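Enquirer: Structure provided below as structure tokens; questions to follow.
The values are calculated or read from the model by the stated rules, or taken from the named source; none is laboratory data. Note that the structure is predicted; figures quoted are calculated from it, not measured. Cβ sites come from the backbone with ideal geometry, for glycine too, and all protein chains shown count toward neighbours.
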Amino acid sequence: MTARVAPLASISIDCPDPDALAPFYRALLGLEEAFATPDRGVVCLSGAGPMLTLMRVDAYEAPQWPHGPQRQQMHLDLAADDLDACVAAALEIGAREAEHQAAPDQWRVMLDPVGHPFCLSAVRPD
């Protein structure tokens, strides 16, 4: 077993407006607001392990997937028991499907309301 320095507390996502993006991730992941700075420039959501922190970046540029001048830096992979049903639910709360789908029977690349990619995945480890 590898020793760790500290446990993972949060995954942070840059965005233009944390208040506008928070409802999407609350609905997508079933999270609740845990903390916000007085100016709402940082909103932390909790309820699924590490917190998800949305941070305001004034010069935000949406990542382009799979190619583009601003490539993705990271993305979330979400376990989907029924891929089509999860895609429909994500679309209903504001996601959109990415144009490029490398393996649509195994996972679907989705984009959050400000362009961050995330995957709904039927792939599981053996």
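Enquirer: Answer yes or no as to whether Thr2 is among the hydroxyl-bearing types (Ser, Thr, Tyr) and assigned to a strand (DSSP E or B).
Expert: Details: among the hydroxyl-bearing types (Ser, Thr, Tyr): yes; assigned to a strand (DSSP E or B): no.
Considered against the rule, which asks whether it is among the hydroxyl-bearing types (Ser, Thr, Tyr) and assigned to a strand (DSSP E or B), Thr2 comes out as no.
Enquirer: I would also like to ask the following. Answer yes or no as to whether Leu76 is within 13 Å of Ser121 (Cα to Cα), assigned by TED's automatic domain parsing to the domain that holds Phe118 and touching a His at 6+ places or on another chain (Cβ under 9 Å). Walk me through it before giving the result.
Expert: Details: within 13 Å of Ser121 (Cα to Cα): yes; assigned by TED's automatic domain parsing to the domain that holds Phe118: yes; touching a His at 6+ places or on another chain (Cβ under 9 Å): yes.
Yes.
Enquirer: Which one of Val87, Val123, Val114, Val43 is of a type in the set (A, V, I, L, M), outside any loop (DSSP other than H, G, I, E, B) and outside the structural domain of Ala27 (by TED's automatic domain parsing)?
Expert: Selected residue: Val87, the only one of Val87, Val123, Val114, Val43 that is of a type in the set (A, V, I, L, M), outside any loop (DSSP other than H, G, I, E, B) and outside the structural domain of Ala27 (by TED's automatic domain parsing).
Enquirer: Here is a follow-up. Does any residue of the stretch 92-100 turn out to be touching a residue at least 40 places away in the same chain (Cβ under 8 Å) and small (Gly, Ala, Ser)?
Expert: Residues of the stretch 92-100 touching a residue at least 40 places away in the same chain (Cβ under 8 Å): 93-95.
Subsequent filtering for residues that are small (Gly, Ala, Ser) retains 94-95.
Yes, the stretch 92-100 has at least one match.
Enquirer: Considering each of Leu21, Leu76 in turn, give the residue that is touching a strand residue (DSSP E or B) at 6+ places or on another chain (Cβ under 9 Å), crowded, with 17+ Cβ neighbours inside 10 Å, under 23 Å from Pro7 (Cα atoms) and not basic (Lys, Arg).
Expert: Result: Leu76 is the single residue among Leu21, Leu76 that is touching a strand residue (DSSP E or B) at 6+ places or on another chain (Cβ under 9 Å), crowded, with 17+ Cβ neighbours inside 10 Å, under 23 Å from Pro7 (Cα atoms) and not basic (Lys, Arg).
Enquirer: Is there any pair with a first residue in the stretch 12-26 that is touching a residue at least 24 places away in the same chain (Cβ under 8 Å) and a second that is in a loop (DSSP other than H, G, I, E, B) and among the basic types (Lys, Arg) whose Cβ atoms are under 6 Å apart and which are 6 or more apart or on different chains, and what are they?
Expert: Listed by first residue and then by second, the contacts come to Asp19/Arg40.
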